[in-house]
1. Enumerate the amide H contacts of B:I199 below 5 Å, restricted to partners 5 or more residues apart or on another chain; note that Pro and chain-start residues carry no placed amide H.
2. Tell me the GluC sites (Glu not before Pro) within the range B:1-61 that lie in a loop according to DSSP and have at most 11 other beta-carbon atoms within 10 Å.
3. Express the Stokes-Einstein translational diffusion coefficient of the range A:323-372 in µm² s⁻¹, to the nearest whole number, given a Kirkwood radius over alpha-carbon pairs, 10 °C and a viscosity of 1.306 mPa s.
4. Give me the aspartates and glutamates in straight-line cross-link reach of B:K239: C-alpha distance below 15 Å, same-chain residues under 8 apart excluded.
5. Where Lys and Arg each count +1 and Asp and Glu each count -1, what net charge lies around A:L13 among other residues with Cβ under 12 Å from its Cβ?
6. Nearest 500 deg cm²/dmol is fine: what mean residue ellipticity at 222 nm does chain B get from its DSSP H runs of n ≥ 4 alone, each adding -39,500 (n - 2.57), divided by its residue count?
7. Using a cut-off of 14 Å between beta-carbons, work out the net charge of the residues near B:I16 (Lys and Arg +1, Asp and Glu -1, B:I16 not included).
8. Convert each backbone phi in the range A:231-238 into a coupling constant with the Karplus relation 6.51 cos²θ - 1.76 cosθ + 1.60 (shift: θ = phi - 60°), then list the ³J(HN,Hα) values in order as whole Hz, x for Gly and Pro.
Amino acid sequence: MSTLTTQDTLTPLFEGAPADFSSERALAKESFYTQGLPAVKAEEYKFTQIARKLEKEISDFNPAKPVSITEEMVKTAIFEGFVGYILVLNNGKLEEELSQLPSEVSISALSNQEIGSIAKPSKDAFVALNQASFVEGLAISVPKKTQVEKPILILSFAKASAGQVVQPRIWIEAGDFAEVTFIEKTILLGEDKVFSNQVVEIKGAINSKIHYYRLQNEGDQAIEVSNIETDIQKDSQFTAVTISLSGDMVRNNLNLNLLGSNSEGNMYGLYLLNGKTHVDNHTNVDHTIPHAESNELYKGILADQSRGVFNGKIFVRQDAQKTNAFQQNNNILLSEDAVINTKPQLEIWADDVKCSHGCTTGQLDEEALFYLQARGIDKTQAKGLLLYAFAGEVLEHIEDESFHDYCVSLVQERLGSKF
Amino acid sequence: MLSIKNLHASIEGTPILRGINLEVKAGEVHAIMGPNGSGKSTLASVLAGREEYEVTEGEVTFKGKDLLDLAPEDRAREGVFLAFQYPVEIPGVSSTNFLRTAVNQVREYRGLEALDAVKFLSLMKEKMKLVEIDQKLLSRALNEGFSGGEKKRNEIFQMAMLEPSLSILDETDSGLDIDALRIVSNGVNQLKSADNATIVVTHYQRLLDYIVPDYVHVLYKGRIVKSGTKELALELEEKGYDWIKEEVDSAATV
Ligand SMILES: Nc1ncnc2c1ncn2[C@@H]1O[C@H](COP(=O)(O)OP(=O)(O)OP(=O)(O)O)[C@@H](O)[C@H]1O
Ligand SMILES: [Mg+2]
């Protein structure tokens, strides 16, 4: 157990929490102290020493207070060509004035009592920490049969001094036949490291269709644990695309529970890492019922001394016959000092299933590189072309055109394939 | 145009080329033949600039420049084109995008203006006719899932697009059916001029019926052990390599 848990260091965080959700908070706090922050040897966090990182980088465990955000800042954060709704979060707190919310969707401060029913505090210490001490949450509810035509861009501004902790907490609910797309982008203000510990719970009802896109490109101030957990029902569809381009240490826990037949869960991720960035994607898909499908593709390009972790769990319960589950993780290492730890974890209890998984780690294909050069293409650009060809496969899963184009341009810029 | 003098090259410490001498002038067609493993593709790769091969001795000048000193891309821009024996499949890179990048980088190096999308497309259409390559192939990722023959045809199409002064065709004929062979050879012949030269590496006389060589060389154990005119190819077709091998090997033991 980390010393952060054994000493009183975290007390300000719990004391700073508001009085609402008192029983949920109390329960979570107890669960947090039972689990403790993951110790050095904790299996689930062994490659990502987040507790140690926090001990080193964060000296003030007070909840970060809202800061001043201007219209100008919001404007700059919106990428070119974006057409849609805007939801501004200020250290986790909704800024209604600066937001442009869809009228057909109910968006308000979190007040419902269902929190913790999807992302259970007992399963992860960071989920417990968030539930025990988040300041203000957000509830988004898309009524049944409502198709939100344009995407909702969640601009999550965060700022902290001497560390401090930002804990966004979001509850998303899509009713029967509802359709909605979210794009989450975090912007870190100020120079200090920020510890962000986010929990997003998503509930998709029958025949709903939810897309949740995320861009993690906050620079090396970001120490982040993100927990997204989704329950989806019969005939529904959930797609997550996570693009990680920078950060100090980032841990993404993405859990998907397929609770109704003919449901489909898709998890795609791309991580382009350089410097000393450390990104860990832990995904978990739980097939609980027959006739559901999950698709997963994570790709990484790691340069310098960066470190990547991919852990993909597929759990197929005994009842979940006729499951289709696919998982793929491919990595390219561009430097000898870059490290990737990749681990598929398949636990299959049903006998009539189609499951496949594969992971590869390699260098850039020298044969292909030579072929392009032999046609007169500059070596750097040839590399860029090949790397983009590798990465682009993930970006294709972003259906919103402007966000797709924005990611493409960020990725191409990074890979030197923009010319 | 191309002058190779006493070229030695090795891979991972194993010598493969052991003293190649070859002069190629503008307007000429040279055929290089020789048994499997004799070093034909190695020679082609060394000329194109593949880094795995280490040149241990000798020199190569191309249009007066030290070819070995140039990066592979600069060799291509100077006008060297290698049609690969085994073209590489590159998923995710569209054929068109790739070619446009290549053509424009080559043009830029040669002091020509970059082609805009419209001009590029019309150039592509023109050259596509030359090798009768299907538009559908080019809308796919580069060589991905192409049949052997389609890949070879695509090599010659790329050659047509890049307008090299020295083309090295490494077994472009293998994998081609009779019709494709005729089409591809026709393409090569149409691209031939007094200003450019071609080196064809092949095992078969049938290609040389179409692309008629001025000189034929036999490569064996990393050396050119025999040179002649097109009649030499006919002789090889008839008699095989054994008599040459014997000649060389017995000379070596003396
Ligand atoms: N990486 C390597 N390590 C060691 N030997 C190699 C390597 N690559 C090629 N060789 C050897 O170099 C020799 C020449 O090969 P090369 O491909 O140039 O022959 P080739 O004349 O083109 O044959 P083919 O007619 O079959 O195409 C062969 O004996 C081959 O095994
Ligand atoms: Mg060969």
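1. Under 5 Å from the amide H of B:I199: B:H30, B:S167, B:I168, B:L169.
2. B:E12
3. Roughly 117 µm²/s, to the nearest whole number.
4. Answer for B:K239, where 15 Å is the Cα cut-off: B:E231, B:E247, listed by chain and number.
5. So the surrounding residues net to -1.
6. Numbers: 10 runs with 107 residues, N = 254.
Taken over chain B, the calculation gives -12500 deg cm²/dmol.
7. Values: positive: B:R18, B:K40, B:R50, B:K221, B:R223; negative: B:E12, B:E52, B:E54, B:E57.
That works out to +1.
8. Calculated HN-Hα couplings, in order: 10, 10, 9, 3, 6, 9, 9, 10 Hz.
Read-outs throughout are calculated quantities, based only on the coordinates presented, and are distinct from any laboratory measurement. Predicted model, so just to flag it, every value in this text is computed and none were measured. Don't worry about glycine lacking a Cβ; one is built from the backbone with ideal geometry, like all the others, and counts go over all protein chains shown.
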